[in-house]
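**Q** One structure, as structure tokens, below. Some questions next.
The values are calculated or read from the model by the stated rules, or taken from the named source; none is laboratory data. Not measured: the values here are computed from a predicted model. Cβ placement follows ideal geometry from the backbone for every residue including glycine, while neighbour counts extend to all protein chains displayed. Accessible surface areas use protein heavy atoms only, side chains included; no ligands, DNA or RNA. Shrake-Rupley method; radii C 1.70, N 1.55, O 1.52, S 1.80 Å.
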Amino acid sequence: LKELFTLLAMERIHIPDTDDQTYRTGTRPQFDKLRQNMQVVEDGKEMQVRNFARNIEEQLEGLRSRMGDVVASSKNPMIEDENGDVDEVIKFVTELHEETDKILKRERELTRFQELFGNDPTPITELRASKNPM
């Protein structure tokens, strides 16, 4: 826009006063403010990505902890008790599997975010290995 108005002025092409006034008081200041806002966002982008990456790592640590709880629960003596209630054991093991599936699904989502933002995915092999004994 600035170049257009400069060219019009150099060629001595008449610009209606209302258009000239709008350019000087409205369009240009708004464009300058937009450019400033874009720079503020761009300057903060790296910090936001680092914060997001840190948040993902914290969530993955939480998943590791939850998986540890599931593994510990899978060693419940009730599971191997020959005199135990079969229905109760089936329900218990099914809940462990469902929790494991939820954890693994969330882990996949978080590692996709890591890849999207150019971070190396955090290996969570212990999560996948933990599902096998159950």
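**Q** What single numbered condition from (1) among the hydroxyl-bearing types (Ser, Thr, Tyr); (2) open to solvent by 70 Å² or more (accessible area, probe 1.4 Å); (3) under 30 Å from Glu109 (Cβ atoms) fails to hold for Thr25?
**A** Status for Thr25: all satisfied but (3).
**Q** Which of the residues spanning segment 100-111 are in contact with a Lys or Arg (Cβ under 9 Å, 6 or more places away or on another chain) and open to solvent by 100 Å² or more (accessible area, probe 1.4 Å)?
**A** Lys102 - this is the single residue of segment 100-111 that is in contact with a Lys or Arg (Cβ under 9 Å, 6 or more places away or on another chain) and open to solvent by 100 Å² or more (accessible area, probe 1.4 Å).
Yes/no matrix, rows are residues, columns are (1) open to solvent by 80 Å² or more (accessible area, probe 1.4 Å); (2) within 30 Å of Gly118 (Cα to Cα):
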residue: Thr6; (1), (2): no, no
residue: Pro29; (1), (2): no, no
residue: Val40; (1), (2): yes, yes
residue: Gln48; (1), (2): yes, yes
residue: Glu58; (1), (2): yes, yes
residue: Gly62; (1), (2): no, yes
residue: Glu98; (1), (2): yes, no
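**Q** Within segment 112-124, track down each residue that is outside any helix (DSSP H, G or I) and surrounded by 12 or more Cβ atoms within 10 Å (Cβ to Cβ).
**A** Taking segment 112-124 and keeping what is outside any helix (DSSP H, G or I), we get 117-124.
Selection gives Phe117, Asn119, Pro121, Thr122, Ile124.
**Q** Then there is this: Select the helices (runs of 4 or more DSSP H) contained entirely in segment 17-111, then report the ones holding at least 3 residues which are under 17 Å from the mean Cα position of the chain (by Cα).
**A** Details: elements: 17-22, 28-73, 77-80.
Filter on segment 17-111 gives 28-73.
**Q** To continue, here is another question. Determine which single condition Lys91 fails, assuming it passes every other condition in (1) open to solvent by 100 Å² or more (accessible area, probe 1.4 Å); (2) of a type in the set (D, E, K, R); (3) at pLDDT below 90.
**A** Of (1) open to solvent by 100 Å² or more (accessible area, probe 1.4 Å); (2) of a type in the set (D, E, K, R); (3) at pLDDT below 90, only one is false for Lys91: (3).
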